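For reference, the structure discussed in these notes is given below.
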Amino acid sequence: MKKEIIPAIIAKTQEEMEDKINKVKDFVNIIQLDVMDGLFVPTHSLDFDIKLPKIKGRYEAHLMVSNPEEWIKRNYKKVDIIIAHFESVKYPEKVISLAKNKKKKIGFSINPKTPVQSIKPYLDKLDLVLVMTVDPGFYGSKFIPEMAEKIKELRNLKPSLDIEVDGGINPETIKIINDAGANLFVSGSYLLKNGNTEKAIEVLKELVGSP
């Protein structure tokens, strides 16, 4: 199963977004856009009409918004992968169909307090599940190690599933989630606030055996 390091982009302006994308685009295959509406989470990020620079890899949108359907309808052409928070999805089947009909990959993200069993009925229709290892909404939140059990549970339920993990990921915590069975690793503050972003990405790649 392919392992990827995925930088997370939080930005308030087009200029800030482009600056952060330019820091990481040459070293990774996927860049995550953290979209926050100030409602589902208290923070605002990328909640404007984003114009994404062309990159060799793919963009995924992590929708920390109260109405993911609306965002998908307006912005689906901009990204390749859409991840909606299960807690904000009123009709899961509808959101899955909406993304699939637009020829996009779709995943659900679950907060630390949301049990794996709540998304079990949808696992066969999802391309990935994102396990939050922090309460969402900020760069630099504290990693919750107990979420490793959730990753193991998911891996046992569906061995072929892409399991993405987001929150507090650095050289120490990435080992825990890699051992638990994750294969996609999202890192925000460790990568973007590092003096040498390229080196920081290489360190994480080496730790999980990513090419």
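Overview of values
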quantity: The chain shape via C-alpha gyration tensor axes, a/c threshold 1.5; calculated: rounded
quantity: Backbone HN-Hα couplings from phi across the range 162-167 [Karplus 6.51/-1.76/1.60, Hz, Gly and Pro as x]; calculated: 6, 10, 9, 10, 9, x
quantity: Mean separation of Cα contacts under 8 Å, 6 or more apart, over the residue count of the range 4-208: relative contact order %; calculated: 18
quantity: Sorted peptide list for 165-176, 18-29, criterion being average Cβ within 10 angstrom, highest first; calculated: 165-176, 18-29
quantity: Whole-angstrom gap from the range 86-108 to the range 1-48, using each part's C-alpha centre; calculated: 20
quantity: J(HN,Hα) series, the range 181-195, from Karplus relation 6.51 cos²θ - 1.76 cosθ + 1.60, nearest Hz, glycine and proline x; calculated: x, 6, 10, 10, 10, 9, 9, x, 5, 4, 7, 7, 9, 7, x
quantity: Vicinal HN-Hα couplings computed from phi for the range 27-34 (Karplus, 6.51 cos²θ - 1.76 cosθ + 1.60; Hz; Gly/Pro x); calculated: 10, 9, 9, 9, 10, 9, 9, 8
quantity: 5 angstrom amide H check on I9, placed H, neighbours 5+ away; calculated: Q32, L33, D34
quantity: The range 54-163: GluC sites (Glu not before Pro) falling in loop per DSSP and having at most 14 other Cβ within 10 Å; calculated: E146
quantity: Farthest toward positive dipole pole in the chain [+1 Lys/Arg, -1 Asp/Glu at C-beta], among I119, M17, V186; calculated: I119
quantity: CD proxy at 222 nm, helix term only [per DSSP H run n ≥ 4: -39500 (n - 2.57); per residue of the chain; nearest 500]; calculated: -8500 deg cm²/dmol
quantity: Which of S88, S118 has the fewest Cβ neighbours within 10 Å, and the rest in rising order; calculated: S118, S88
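Only the coordinates and a few stated rules stand behind these numbers; no lab work does. What you see is a predicted model, and the numbers here were worked out from it, not measured in a lab. As a convention, Cβ positions derive from the backbone with ideal geometry for all residues, glycine included, and neighbour counts pool all protein chains shown.
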